[in-house]
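Enquirer: One structure is given below, represented as structure tokens, and several questions about it will come after.
The values are calculated or read from the model by the stated rules, or taken from the named source; none is laboratory data. Here the structure is a predicted model, which means the values were calculated and not measured. As a convention, Cβ positions derive from the backbone with ideal geometry for all residues, glycine included, and neighbour counts pool all protein chains shown.
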């Protein structure tokens with residue numbers, strides 16, 4: 001995400017990484033306040049959250065958000081005699097600096113606040129979560145529409161799309177608190193068709209203890225699943241473990257092909273079974289890994305006939321687990337769960 005030059009505006013805009021420690025003025029108290037990553041040299045108002053300030057344009061934010069417009073009214077902002085920094089009034093907010101950075105970057109980027117496009121660019125999960133949350137808070141309707149299209153792209157109910165995302169590493173393997181926030185937001189926003197994949201991401205990336213206790217965000221606050229989702233997630237985890245056991249039961253067959261005469265095949269498949277289930281079932285093996293990756297994790301060998309059949313059994317198993325994912329999390333089918341969306345994504 002980048003702040004981009006808006007057409008027709010000849011404005012010098014500066015972005016820094018927010019880590020240089022540059023104070024906004026010279027006195028000792030102000031030295032504790034840092035300049036944020038969005039700092040417009042010709043901005044006329046400063047937003048401060050915590051010890052981070054962002055210098056922006058009142059008119060641009062007011063045009064994007066009725067909440068900002070009301071906030072910037074003469075009765076809402078500090079008078080010049082009260083609080084000025086670099087000649088600008090300072091408005092204090094209670095969002096995290098990172099979340100506010102994502103929001104301001106989106107407001108200055110037309111692709112987020114213009115009419116939605118059908119194939120939006122991908123957005124990091126942390127940014128997507130923050131933007132949906134703050135887009136609702138500040139009532140930025142076009143931003144919300146664009147974000148829902150990005151959610152549709154990330155959580156589309158299609159095995160071909162999900163398989164492509166995993167094969168191209170478009171679905172993260174890094175545990176992040178944003179996964180908890182995203183699942184909660186999808187539930188609260190009524191994007192129910194996206195919940196099975198969102199909860200699967202939580203299960204594959206976090207241990208049960210972390211799901212129960214929650215995980216820390218970068219700002220040291222704790223992200224936890226909503227009580228309604230926590231129960232669904234833990235129950236779904238048990239169902240998914242059973243589905244994975246069923247999916248890989250063929251690994252225990254001797255041999256998996258009737259024509260196999262190659263002795264190492266049996267040992268190799270048992271080694272792969274241990275790789276998946278010991279010391280505990282690894283949830284990523286439900287959908288995340290193709291057979292080439294799984295086979296690359298063992299030093300064993302298999303004959304050509306067994307290799308071909310194993311690949312087919314594995315792909316059939318992945319597709320079957322995906323088809324039953326709504327059931328695993330307490331719903332019926334993908335077709336039925338799409339009807340539960342508050343705002344059908346395809347109508348945006």
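Conditions (1) in contact (Cβ under 8 Å) with a residue 40 or more places away in the chain; (2) within 30 Å of residue 125 (Cβ to Cβ), marked per residue:
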site	(1), (2)
207	no, yes
214	no, yes
219	yes, yes
223	yes, yes
240	yes, yes
255	yes, no
265	yes, no
269	yes, no
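Enquirer: Separate question: What do you reckon, is residue 330 surrounded by fewer than 19 Cβ atoms within 10 Å (Cβ to Cβ), in a loop (DSSP other than H, G, I, E, B) and within 27 Å of the chain's Cα centre (by Cα)?
Expert: Yes; evaluated as a whole, the condition is true for this residue.
Enquirer: Conditions: (1) touching a residue at least 60 places away in the same chain (Cβ under 8 Å); (2) surrounded by 13 or more Cβ atoms within 10 Å (Cβ to Cβ); (3) in a helix (DSSP H, G or I). Residue 323 meets all but one. Number of the miss?
Expert: Against the list (1) touching a residue at least 60 places away in the same chain (Cβ under 8 Å); (2) surrounded by 13 or more Cβ atoms within 10 Å (Cβ to Cβ); (3) in a helix (DSSP H, G or I), residue 323 comes up short only on (2).
Enquirer: Now for a different question. Take the residues in the range 290-306 that are buried (at least 16 other Cβ atoms within 10 Å of the Cβ) and in a helix (DSSP H, G or I); name whichever of them is farthest from the chain's Cα centre (by Cα).
Expert: Only one residue fits best here, namely 305.
Enquirer: Pick from the range 152-161 the residues that are part of a helix (DSSP H, G or I) and in contact with a helix residue (DSSP H, G or I) (Cβ under 6 Å, 6 or more places away or on another chain): which of them is modelled with the highest pLDDT?
Expert: Across the range 152-161, the extreme among qualifying residues is 159.
Enquirer: Continuing with this model, one more query. Looking at 287, 240, 270, can you tell me which residue is at pLDDT 90 or above, assigned to a loop (DSSP other than H, G, I, E, B), surrounded by 14 or more Cβ atoms within 10 Å (Cβ to Cβ) and touching a helix residue (DSSP H, G or I) at 6+ places or on another chain (Cβ under 8 Å)?
Expert: Answer to the selection: 287.
Enquirer: Taking residue 285 and the conditions (1) in contact (Cβ under 8 Å) with a residue 12 or more places away in the chain; (2) over 20 Å from residue 202 (Cα atoms), which numbered condition does it fall short on, given that it satisfies the others?
Expert: Unmet for residue 285, out of (1) in contact (Cβ under 8 Å) with a residue 12 or more places away in the chain; (2) over 20 Å from residue 202 (Cα atoms): (2).
Enquirer: Is there a residue being in contact with a helix residue (DSSP H, G or I) (Cβ under 8 Å, 6 or more places away or on another chain), at pLDDT 90 or above, over 20 Å from residue 298 (Cα atoms) and in a helix (DSSP H, G or I) anywhere in the range 216-223?
Expert: no
Enquirer: Kindly indicate the residue of the range 271-281 that is within 29 Å of the chain's Cα centre (by Cα) and touching a residue at least 12 places away in the same chain (Cβ under 8 Å) and also farthest from residue 320 (Cα to Cα) among those meeting that condition.
Expert: That would be 275.
Enquirer: Can you give me the number of residues within the range 247-260 that are assigned to a helix (DSSP H, G or I) and surrounded by 12 or more Cβ atoms within 10 Å (Cβ to Cβ)?
Expert: Qualifying residue count for the region: 4.
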